[in-house]
């Protein structure tokens, strides 16, 4: 199950350039639902007084015009828990990313 994340109070910065998500044989993986190639990058999520976190996110289709350090607008961010061989964690996925030229929002009253 995917859990939607409300991004209205968050700002995001690309923490890395987008790169293809590779399988164990070194081939780029494809989205099971659409067949589009999967891409990933680190996103720095800024949340006001709570500080920042770095999330590795994936998306189907290549994000165009995104580079490290660039503020980005995120569409359709979801989280999903996973467990494999006794290991578990949370993965993040976005429906789309759009590079912006504006500076990230700052916390009010900080």
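The values are calculated or read from the model by the stated rules, or taken from the named source; none is laboratory data. Quick caveat: nothing in here was measured; it's all calculated off a predicted structure. In this analysis, Cβ positions are derived from the backbone assuming ideal geometry, glycine residues included, and neighbour counts consider all displayed protein chains.
Let's see how each residue does on (1) exposed (fewer than 15 other Cβ atoms within 10 Å of the Cβ); (2) closer than 20 Å to residue 16 by Cβ:
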{"position": "63", "(1), (2)": "no, yes"}
{"position": "66", "(1), (2)": "no, yes"}
{"position": "70", "(1), (2)": "no, yes"}
{"position": "75", "(1), (2)": "yes, yes"}
{"position": "83", "(1), (2)": "yes, no"}
{"position": "88", "(1), (2)": "yes, no"}
{"position": "92", "(1), (2)": "no, yes"}
Q: Just give me the residues in segment 21-56 being over 15 Å from residue 94 (Cβ atoms), surrounded by 14 or more Cβ atoms within 10 Å (Cβ to Cβ) and touching a residue at least 40 places away in the same chain (Cβ under 8 Å), in sequence order.
A: 46, 48
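Results for (1) part of a loop (DSSP other than H, G, I, E, B); (2) at pLDDT 95 or above, shown as yes or no for each residue.
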| residue | (1), (2) |
| --- | --- |
| 9 | yes, no |
| 12 | no, yes |
| 16 | yes, yes |
| 25 | yes, yes |
| 40 | no, yes |
| 44 | no, yes |
| 83 | no, no |
| 107 | yes, no |
| 110 | yes, no |
Q: Answer yes if at least one residue in segment 97-104 is closer than 25 Å to residue 48 by Cβ, at pLDDT 95 or above and assigned to a loop (DSSP other than H, G, I, E, B), and no otherwise.
A: no
